[in-house]
1. Take ASP11 and decide whether it is touching an Asp or Glu at 6+ places or on another chain (Cβ under 8 Å), acidic (Asp, Glu), at pLDDT below 80 and exposed (fewer than 12 other Cβ atoms within 10 Å of the Cβ).
2. Which one is nearest to the chain's Cα centre (by Cα), of the residues in the stretch 31-44 that are buried (at least 18 other Cβ atoms within 10 Å of the Cβ) and modelled with pLDDT under 80?
3. Between a residue in the stretch 58-80 that is at negative phi and surrounded by 13 or more Cβ atoms within 10 Å (Cβ to Cβ) and any residue that is at pLDDT below 85 and of a type in the set (Asp, Glu), which pairs come within a Cβ distance under 8 Å, given they are 6 or more apart or on different chains?
4. Just need a number here: residues in the stretch 106-129 that are in contact (Cβ under 8 Å) with a residue 12 or more places away in the chain and among the charged types (D, E, K, R).
5. Scan the stretch 31-65 for residues that are outside any strand (DSSP E or B) and over 21 Å from VAL111 (Cβ atoms) and jot them down.
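The values are calculated or read from the model by the stated rules, or taken from the named source; none is laboratory data. Please read all numbers here as calculations on a predicted model, not as lab measurements. Here the Cβ positions follow ideal geometry from the backbone for every residue, glycine too, while neighbour counts run over all protein chains shown.
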Amino acid sequence: MTRIPFNGCSDQNSGLPDITSNPDVRAAHSMLELQDAAVATSGHYRHWIDVAGHRLSHTIDPQLGMPLRDPPASASVLACDCMSADACATAMMVLGEACGLALAEKLGLSVLFFKHDQPKAIRCGRFAR
């Protein structure tokens, strides 16, 4: 398990949320040491259906008006507040790993993606350290 310190916007509160790497096994991938910061995870690993061999998410692709098809299992984002982290995590799910990572790097976001078929995470920002 990896411990990732993250100092947010000020020095007031701290907590230790965890991130799960394998949605089928309830075990933590890492513990986050947060200080006036937030983490949010968006994913379809609990709410999806299989249609013709494809996982369809409960998250809707805004361009198609249909469920995401074969999205990442989850996307976690670190931010200064929970609302921003949550919005960015959902956006990362919709964009997927390639486009999401490119945007995250451009905006300086810390993002952690997990895929169902890959044991290693795809990461950038603080998650890459």
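1. Yes.
2. HIS44
3. CYS80/ASP36
4. 4
5. ALA52, GLY53, LEU64, GLY65
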